[in-house]
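To keep things clear, I will list the structure first and then write my remarks on it.
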Amino acid sequence: MAERIGFIGLGIMGGAMAENLLRAGFELFVHNRTAGKTSHLESEGAVVCDSPAAVAAEAQVVCLCLSNDSAVRSVIFGDGGIVQNLRYGSLIIDFSTISPGAAREFGSELSKSYKTAFIDAPVSGGDIGAKNATLSIMAGGASDDFERAKAVFEAVGRKATLTGPVGSGQLTKAVNQLVVAITVAAMTEGLMFADKAGLNLETTLEVISSGAAGSWTLDNYAPRVLAGDLKPGFHARNMLKDLRIAIREADDLGLPLPVSDLLKSLYTGLCAHERPDFELGNHALIELYRNGLMTKSN
């Protein structure tokens, strides 16, 4: 019999992943700080719980998809947190992107004090991958816990890979985000160059996408940019958070990342111009160029 699944954190990514778990036939218990984000799931058969602890009381496997280290810590260990009602032999799968050190800390505390397994399992694929259950999942944890989590992974993603012990998933996600951010910047500068040179942007995109410049970023983000859709499938502020995590890890390794340092400053500038009524996706770097916020250096 399939295990009961809990899901906490129903934003752009988590909400779509929870829907896919329902479609896969899991009995699902959900919680979100903003109650309005649970109504569509409730109408599809999910049970809405009033706290993380209430989710943990019902589900053997609890999934998290939250914004940062402090949010994950609060949901697990805080007032009304998961640990207040953990079932014996529970498994926590954290789909959030957090620091590797925090993942190791949470995994160690859950194992030692609560006899609970923990997998850090950040994802890549954006809102499109979350909706279509085609996410790439980078897992860190014990091999038997990974095997136990496979049914969940198969419901929300296309490929799940065990990358090493707890924390390894977050390290792998840091690599992913460094590459994604650089690719978004390359796309942005290419499109700006083509526009200033008077090229047809749709034709240019078609040509370069079929050659060596082709990428997931061009296929999925460039059409949004050309359509003027800068709304987040993945928030610019989350990309900034992820770059900061990766750069801190690189600093600890004594590894300079000059391009990533530059990108951190670009995303800092972009996020400074975000408004409550105009949230920006990580593909919205073009706003810096269009609004004259870039400076030319030698």
| query | Residues of region 42-74 being under 17 Å from the mean Cα position of the chain (by Cα) and of a type in the set (S, T, N, Q), which ones? | reply | Ser67, Asn68, Ser70
| From Phe95, Phe106, Phe153, residue being over 15 Å from the mean Cα position of the chain (by Cα) and assigned by TED's automatic domain parsing to the domain that holds Cys65 | Phe106
| said: Going by what's in this entry, would Val75 be described as out of contact with any Phe, Trp or Tyr (no Cβ under 6 Å at 6 or more places or on another chain), assigned by TED's automatic domain parsing to the domain that holds Ala130 and part of a strand (DSSP E or B)? | reply: no
| request: Give region 108-165 a look and list any residue that's in contact with a strand residue (DSSP E or B) (Cβ under 8 Å, 6 or more places away or on another chain) and of a type in the set (S, T, N, Q), or say none. | output: Ser111, Thr116, Ser124, Thr134, Ser136, Ser143, Thr161, Thr163
| message | I'd like the full set of residues that are hydroxyl-bearing (Ser, Thr, Tyr) and out of contact with any Cys (no Cβ under 8 Å at 6 or more places or on another chain), limited to region 67-106. | response | Ser67, Ser70, Ser74, Tyr88, Ser90, Thr97, Ser99
| So Ala103, is it assigned to a helix (DSSP H, G or I) and either at positive phi or surrounded by 23 or more Cβ atoms within 10 Å (Cβ to Cβ) (or both) | yes
| message | I'd like the residue in region 1-59 that is modelled with pLDDT under 95, hydrophobic (A, V, I, L, M, F, W, C) and outside any helix (DSSP H, G or I) and, out of all such residues, is farthest from Ile92 (Cα to Cα). | response | Met1
| request: Tell me which residues, restricted to region 243-271, are touching a residue at least 40 places away in the same chain (Cβ under 8 Å) and out of contact with any Leu (no Cβ under 9 Å at 6 or more places or on another chain). | output: Ile245, Arg248
| message | Among the numbered criteria (1) free of Cβ contacts under 8 Å to residues at least 60 places away in the same chain; (2) touching a strand residue (DSSP E or B) at 6+ places or on another chain (Cβ under 8 Å); (3) surrounded by 16 or more Cβ atoms within 10 Å (Cβ to Cβ), which one does Gly190 miss? | response | (2)
| said: Only one of Leu205, Leu240 is under 26 Å from Asp94 (Cβ atoms) and either without any contact (Cβ under 8 Å) to a residue 40 or more places away in the chain or not in a loop (DSSP other than H, G, I, E, B) (or both). Can you tell me which? | reply: Leu240
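The values are calculated or read from the model by the stated rules, or taken from the named source; none is laboratory data. Small disclaimer: the values here were computed from a predicted structure and weren't measured. Virtual Cβ from ideal backbone geometry, glycine too; neighbours counted across all protein chains shown.
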